[in-house]
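What follows is a set of notes on a single structure, which appears directly below.
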Amino acid sequence: MKSKLFLNLFLLLSINSFSQTHTIEIHPNGRVASILMTPAEYNSWISNDDFNNSTISEPLISDIYQKFEDDFDFIFLILNEATQPSNLNYAGQLNRVSNTIEGTGVPVFDDSSNFGSAGKLKSLMQLTQINFLLYGPTSHEILHNWGNFVIPSEAVSDFGTNLTSFPLGGHWGFTGGNTKGQLGGFDQNTLVDNGNGSYTLDSFGLNANGGNSVPYNDIELYLMGMIPLSEVAAFDGFTTITSIADNGNDTWTLEATKTNYTPASLNTLLENRVPSSTTAQKDFKALVIVITDAPLTTDEWDLLDFQAELYSRNSDDGFSTLYNFWEATNGLGTIEMNNLESSTLGLDAIALNNISMYPNPTSDKVTIENLNVQEVSLYNLIGQKINNFKVNDISEKIIIDVSRYDSGVYFIHIKKKDKLIIKKLIVN
């Protein structure tokens, strides 16, 4: 008997999931694109934070890959909003898709096929305001690909008598650096040791220090693979914070346990980064695509294009209070946000997208035609491979018996060379 749980899940998805076909436009300068949602879909995306709902975000990204090649390390989704929606409590957020780097505290994994990528895509990032690419937390979110997942960091729940110190995941908290970091932390050069476990330091942020207004510091550049550990200046980190006081002159005094981090101690803690800075990737490519429920106006297009050009420029962006990616990495890294037309699917990939699958839904057998591909696989809703089907290059179709599978939603992965198409299959 078919599982009622899977049947109920199917019914729920049928009611709430969105269309798999969206209109995607590319700005004439080729730096940014837009994806058009229905008003109801867009409203749900914001109201329900669908960016963090994999049953909705994964098909949306798969839809994007029906237009673009698998060329991108990062995909930035930007909301077409003049101000940050009040129900979304973040300016930017990163969802990791895959990781091949060792020594940063993030496990090696690859969920990219769930999104339509064959291993290239590292992460999705959402920015919740249309001008956040240049002025918001772009560099901050990029850094979340690698840090902070190893060095102990803490925050406090109260600045008064009820102060509690607790672990702060993914950020620096009360941690120093040669400069203030993208993930928070203080400038080590401002630290004064008052003795008896008391310290004074300049004002700083626990989670961030002003978006793109600060560059990456040494430890951040190391985690990114930009510099070797030997070039990271020693810094201090504070845990078990027992008191903190605002001195009123942009400085703070705290009592806490201090740990000094040197390249030698970090080498033991981090267990080396693989690959090292010698061979690590330093040049990245990103797709910037705004989510909208109406065609973009000329002003909206121009604003997005302006931001993408400046943030991806491999030289000074002309702003004394902003750092583009090249500047933030001290000229060691680049991020490409252009030539999108060259990343649109060619004739070979378009032919792959023309593969037909029927009947769908089905409770018996499904036929897949116009193949001429290398591999066909069946995955369940949580990304587990259920079966792999042998296909030779001259096969025009295969018939798959799905009668033994529980009712629910599955995904057919069809691969030809470096192209991957994902089709949703409903078993009822």
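Observations, loosely collected:
- Once you reduce region 179-229 and region 35-72 to the center of their Cα atoms, the two points are 35 Å from each other.
- Taking a ≥ b ≥ c as the square roots of the eigenvalues of the alpha-carbon gyration tensor, region 99-204 is classed prolate because a/c is 1.5 or more and a/b outweighs b/c.
- Cβ-Cβ FRET estimate between Glu69 and Thr251, R0 fixed at 56 Å, reported to 0.05: 0.60
- Stretched out straight at 0.36 nm per residue, the stretch from Thr200 to Thr278 would grow longer than its current Cα-Cα span by 24.4 nm.
- Taking a Cβ cut-off of under 11 Å around Ile291, the surrounding Lys, Arg, Asp and Glu residues balance to a net charge of -4, with basic ones at +1 and acidic ones at -1.
- Rounded percent of accessible protein surface that carbon and sulfur make up, the chain, 1.4 Å probe: 49 percent
- For Ser86, solvent-accessible area (1.4 Å; no DNA, RNA or ligand), Å²: 120 Å²
- A simple spin-label model places the labels of Thr367 and Asn428 2.0 nm from each other, with each point 7 Å out along Cα-to-Cβ.
- The H on the amide N of Thr292, modeled in the peptide plane, is under 5 Å from the matching H of Ile35, Met37, each at least 5 residues off or on a different chain.
- P(r), alpha carbons of region 212-333 - 5 Å bins starting at zero, rounded %: 2, 9, 13, 13, 13, 13, 12, 10, 8, 4, 2
- Between Lys120 and Ser157, the contour length at 0.36 nm per residue exceeds the Cα-Cα span by 9.4 nm.
- FRET efficiency estimate (nearest 0.05) - Cβ-Cβ, Thr55 to Thr344, R0 25 angstrom: 0.40
- Net length gained if the chain between Asp299 and Asn388 were fully extended (0.36 nm per residue, minus Cα distance): 27.2 nm
- With the simple model of a label 7 Å out from the Cα in the direction of the Cβ, Thr242 to Leu191 spans 1.9 nm.
- A cut-off under 10 angstrom between Cβ atoms defines the neighbours of Trp252, and their net charge, with Lys, Arg +1 and Asp, Glu -1, is -3.
- Computed from label points 7 Å out along Cα-Cβ, the spacing between Ser315 and Tyr90 is 3.6 nm.
- Pairs from Lys120/Lys180; Lys67/Lys120; Lys122/Lys415; Lys365/Lys390 whose Cα-Cα separation, in the structure shown, is over 27 Å: Lys120/Lys180
- Thr297 sits with roughly 70 Å² accessible to a 1.4 Å probe, with DNA, RNA and ligands left out of the calculation.
- Average accessible surface area per residue within the chain, 1.4 Å rolling probe, Å²: 43 Å²
- Ranked packing of 54-63, 174-183, 69-78, 256-265, most packed first, by mean Cβ within 10 Å: 174-183, 69-78, 54-63, 256-265
- Across the chain, Cα-Cα pairs farther apart than 28 Å form 55% of the total.
- Three-way shape label, region 262-344, alpha-carbon gyration tensor, a/c 1.5: prolate
- Three-way shape label, region 174-267, alpha-carbon gyration tensor, a/c 1.5: oblate
The values are calculated or read from the model by the stated rules, or taken from the named source; none is laboratory data. What you are looking at is a predicted structure, and each value in this text was computed from that prediction instead of being measured. Cβ sites come from the backbone with ideal geometry, for glycine too, and all protein chains shown count toward neighbours. To get the accessible areas, we keep the full protein, side chains included, count just its heavy atoms, and leave off ligands, DNA and RNA. Shrake-Rupley method; radii C 1.70, N 1.55, O 1.52, S 1.80 Å.
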